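Trainee: Here you go, one structure.
The values are calculated or read from the model by the stated rules, or taken from the named source; none is laboratory data. Since the model is a prediction, treat every value here as computed from it, not as a measurement. Using ideal geometry, Cβ is built from the backbone for each residue, glycine included, and neighbour counts are taken over all protein chains shown.
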Amino acid sequence: MRKIVHIDMDAFYASVEQRDDPTLRGRPVVVAWRGQRSVVCAASYEARTFGVRSAMPAARAEQLCPDAVFVPPDFTRYRAVSRQVREILLRHTDLVEPLSLDEAYLDVTENKTGLASATAVAKAVRAAIREETALTASAGVAPNKFLAKIASEWRKPDGLFVIRPEDIEAFLHPLPVGRIHGVGKVMDGRLAALGIRTVGELAAFETGELERRFGRYGKRLSELAHGIDRNEVKPDRPTQSISAEDTFERDVPLDTIETKIRELAAKVWAATGTTDRIGRTVVLKLKTRDFRILTRSHTPQVPPRSAQELAGIAVGLREHVLLPATTLYRLVGVGLANFRNADAMPQPELFD
């Protein structure tokens, strides 16, 4: 039985801005560039009460919260704070798996500080983060990664929640099935068509039938509904690629997906904070209505230096899709690949 802790910084980018600028405290802060093509990188809890969420178009955020303070993102500063947090985590275990700048898994089945339980480790980590960074983090403690992540969301912000082995089914089964990772709007609708609305109803559904309908993911769904997740915490490995994708509620033409591409690019760029390596190749992935998969990629002379640059290249890759304009698409993805160590990158010319 593993002991897993999931640490999730609270409204991380916005909280860093509020920490460093006292005039922002208590105000609705939106971390984003202004403009029709920008997307929200993060929103303070004050902004979230108006419905503002990360990856939302910035123009929509401004409509929802006209009094919001827009702050351009400073990823260099966020990465520096993230490194502080990482150092705290590594005091307790070498088994730390970063997911992004603001969250990570820890396997503390055996911990380096001799604390008696995973809960004690989570408390110590949260206290150190507060003391050393003046920020707060929420934590989830559970026997596996799937449950620990759900637990960390349970008492946000600045909360701690523990799911013990004997409480797994009682905790999981009343939850809406959408709380399972990977069950988005499309899959939620497909499960609803089967009469499945809760995790308990999913657990009671015949595994073979789920697998017949949804392939390998059907089996995975059944396991998660029973609280089973065998994935191990994997410490840092050299990053080769980072990507994000989404399935549309209904099939759409190519010229209507720019906003979604920019949202996904923002997610990918945020995820690059887990590595000091630099991604050189931008990838656009598309899946047509008839499940044909297309990828288009471009390696610019200078790697993308911001979420906006990444998004601009990804949006431009649509021009290399030569299918008829009437073609409809069910999925879009954005990726950054061909990662290299920073010291292995060619140096720019002094004059260009």
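Trainee: Quick one: would you say Ala11 is in contact with a helix residue (DSSP H, G or I) (Cβ under 7 Å, 6 or more places away or on another chain), among the small types (Gly, Ala, Ser) and either modelled with pLDDT of 95 or more or closer than 30 Å to Pro165 by Cα (or both)?
Mentor: Yes; evaluated as a whole, the condition is true for this residue.
Trainee: Tell me which residues, restricted to the range 277-295, are within 30 Å of Thr76 (Cα to Cα) and out of contact with any Phe, Trp or Tyr (no Cβ under 8 Å at 6 or more places or on another chain).
Mentor: Matches in the range 277-295: Thr281, Val282, Val283, Leu284, Lys285.
Residues checked against (1) of a type in the set (Phe, Trp, Tyr); (2) under 20 Å from the mean Cα position of the chain (by Cα); (3) not assigned by TED's automatic domain parsing to the domain that holds Glu263:
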site	(1), (2), (3)
Asp10	no, yes, yes
Pro28	no, no, yes
Gln36	no, no, yes
Phe50	yes, no, yes
Ser54	no, yes, yes
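Trainee: Take Thr198 and tell me if it is of a type in the set (S, T, N, Q) and either under 28 Å from Arg250 (Cα atoms) or surrounded by fewer than 18 Cβ atoms within 10 Å (Cβ to Cβ) (or both).
Mentor: Spelling it out, Thr198 is indeed of a type in the set (S, T, N, Q) and either under 28 Å from Arg250 (Cα atoms) or surrounded by fewer than 18 Cβ atoms within 10 Å (Cβ to Cβ) (or both).
Trainee: Same structure, new question: Could you count how many residues in the range 1-43 are under 29 Å from Gly312 (Cβ atoms) and exposed (fewer than 14 other Cβ atoms within 10 Å of the Cβ)?
Mentor: 5
Trainee: Any idea which residue in the range 275-309 is surrounded by the most Cβ atoms within 10 Å (Cβ to Cβ), counting only those that are modelled with pLDDT under 90 and among the hydroxyl-bearing types (Ser, Thr, Tyr)?
Mentor: Out of the qualifying residues, it is Thr275.
Trainee: Which ones in the range 49-59 are part of a helix (DSSP H, G or I) and either touching a residue at least 60 places away in the same chain (Cβ under 8 Å) or surrounded by fewer than 19 Cβ atoms within 10 Å (Cβ to Cβ) (or both)?
Mentor: Across the range 49-59, the qualifying residue is only Ala59.
Trainee: Give the residue that is nearest to Ala32 (Cα to Cα), with candidates limited to residues of the range 276-308 that are touching a residue at least 24 places away in the same chain (Cβ under 8 Å) and among the hydroxyl-bearing types (Ser, Thr, Tyr).
Mentor: Per the criteria, the residue is Ser306.
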